[in-house]
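Here is the structure we will look at, set down as structure tokens.
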Amino acid sequence: MFGRAADAHCDTVGRLGALDLALGCPEAAHLDFPRLRQNVKLQFMAFFLHQAAPEQAWQDLRRMRRNLQVAMELCGGLELMLNLRQAGLKPGVQLVLAVEGLDLLAGVSSAEELYRLGFRSLGLFWNNDNFLGCGADAVGAADCGLTKAGRDFVVYAESRGFLLDLAHASQNSFWQAADLQRKPVFVSHACCQALCPHRRNLSDEQLRRVGASGGWLGVTMAPGFLRLDGQAALPDLLKHIQHAVNLAGEDAVGFGSDFDGVEHLPQGIAGAQSWPDVAEALLAAGFSQRQAEKILGGNLLRFLREY
């Protein structure tokens with residue numbers, strides 16, 4: 001019997017208000033709390049704020065954070081996880097707060113405020129460059145990697161206990177951050193460049209580095225990352241899972257769905273209600289039940305407990 005999923009990325013908190021999040025709104029979102037309680041053990045909730053100036057971004061973050069708290073109180077059975085080492089060890093659904101792109105930061109004091117508000121995962125970039133360095137849009141000669149501030153921030157954030165997310169990093173930013181880190185490499189949501197040469201996907205060399213570091217990759221359901229034509233279906237997701245397992249190892253791979261961060265999902269996946277279908281598809285693709293349970297959520301829970 002499969003356990004529930006653990007998912008390293010969704011953007012739902014930016015899409016739904018407190019009532020819809022708490023009571024359920026399947027017609028407007030891929031995920032809500034009733035569906036989480038049925039199918040998910042642990043869910044990263046990403047706050048996507050890069051398009052606003054810092055002052056507005058902080059206002060948006062606090063508004064979304066209040067909405068999330070209200071929804072948790074209305075729904076019940078959900079807990080904000082402040083200690084990553086408790087992953088999977090408590091009843092109910094555990095939520096991890098994440099920021100996707102740190103354009104709003106003005107320095108370490110801002111990061112300390114994020115920590116106080118309960119955020120434990122920080123994505124250095126969205127696709128754009130910021131004061132920390134280059135995001136995934138920077139390719140070739142434009143990719144200067146991390147700035148001095150970015151290198152200093154990687155060291156600070158790791159020592160403070162943040163989980164650093166290298167999704168959306170440029171190639172040079174990825175490698176420089178990975179070399180600076182003493183802890184394993186974490187990429188919340190990406191796919192495999194060898195199968196789909198999208199700038200956001202990981203090369204085989206990066207996949208090997210994730211595995212060699214004891215790290216973890218969440219394979220995402222964004223159709224454009226699975227196939228360049230965007231016409232993805234569940235079998236395409238399974239191909240990326242298999243390739244990532246082949247390169248990084250079966251302990252290093254799971255899911256970062258990107259629910260509500262994309263308009264459309266691969267054919268065969270409707271939202272958080274589809275996790276049982278994904279589990280069955282892993283078995284049908286030839287993964288053992290032990291492997292399927294690890295990929296569905298066990299690997300992410302273990303990774304967080306050991307981080």
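For Cys192, the amide hydrogen comes within under 5 Å of the amide hydrogens of Leu202, counting only partners 5 or more places away or on other chains and with H modelled in the peptide plane. Net charge dipole, region 170-307: roughly 420 debye, given to the nearest 20, about the Cα centre with Cβ charges of +1 for Lys and Arg and -1 for Asp and Glu. Taking a straight line from the alpha carbon of Lys294, these lysines sit under 19 Å away, with near neighbours fewer than eight places off in the same chain left out: Lys41, Lys90, Lys239. Peptides 277-289, 156-168 ranked from most to least packed, by the mean per-residue count of other Cβ atoms within 10 Å: 156-168, 277-289. In the neighborhood of Ala98, defined by Cβ-to-Cβ distances under 11 Å, what is the net charge if each Lys or Arg adds +1 and each Asp or Glu adds -1? Local net charge: -2.
Expressed in units of 2.2 N^0.38 Å, where N is the residue count, the Cα radius of gyration of region 174-307 is 0.98. Let me have the relative contact order for region 153-258, percent, based on Cα pairs under 8 Å that are six or more residues apart. Dividing the mean separation by the residue count of region 153-258 yields 26 percent.
Each Lys or Arg adds one and each Asp or Glu subtracts one; over the other residues with Cβ under 9 Å from the Cβ of Gly271, this totals -1.
Here is how the number arises for the chain: DSSP H runs of 4 or more residues each give -39500 (n - 2.57), the sum is divided by the residue count, and the result at 222 nm is -11000 deg cm²/dmol. Dividing the C-alpha radius of gyration of region 1-128 by 2.2 N^0.38 Å, with N its residue count, gives 1.04. Residues in the chain average 39 Å² of solvent-accessible surface per residue, probe 1.4 Å, ligands and nucleic acids excluded. One chain, two ends: Glu79 and Ser159. Fully extended at 0.36 nm per residue, the span grows by 26.3 nm beyond their Cα-Cα distance. This model, with +1 at the C-beta of Lys and Arg and -1 at the C-beta of Asp and Glu, gives the chain a dipole about its Cα centre of some 860 debye.
Rounded, prolate or oblate: which fits region 5-52, taking a ≥ b ≥ c as square roots of the Cα gyration tensor eigenvalues, rounded meaning a/c under 1.5, else prolate when a/b beats b/c? In terms of gyration-tensor shape, oblate. For the pair Asn246 and Glu113, what calculated FRET efficiency results from E = 1/(1 + (r/R0)^6), where r is the Cβ-Cβ distance and R0 = 35 Å, to the nearest 0.05? It comes out at approximately 0.25. Across region 116-221, the convex hull enclosing all Cα atoms gives 103 Å³ per residue. Based on Cα contacts under 8 Å between residues 6+ apart, the chain shows a relative contact order of 20 percent. Local charge for Gln291 was computed over the other residues whose Cβ lies under 12 Å away, with Lys and Arg +1 and Asp and Glu -1, and equals -1. Shape annotation for region 128-187: C-alpha extents along the principal axes are 32, 20, 17 Å, from largest to smallest.
When DSSP beta bridges are restricted to pairs lying wholly in the chain, around 10% turn out antiparallel.
Once backbone amide H atoms are built at 1.01 Å from N, Leu163 has Ser121, Leu122 as its partners under 5 Å, excluding neighbours fewer than 5 places away on the same chain.
Using only alpha-carbon positions in the chain, the gyration tensor eigenvalues give semi-axes of 26, 24, 18 Å once each is multiplied by 5 and square-rooted (largest first).
The values are calculated or read from the model by the stated rules, or taken from the named source; none is laboratory data. Computed from a predicted structure; not experimentally measured. Cβ coordinates were reconstructed from backbone atoms using ideal geometry, including for glycine residues, and neighbour counts include every protein chain displayed. The area values use the complete protein model at the heavy-atom level, side chains included, leaving out ligands, DNA and RNA. Shrake-Rupley method; radii C 1.70, N 1.55, O 1.52, S 1.80 Å.
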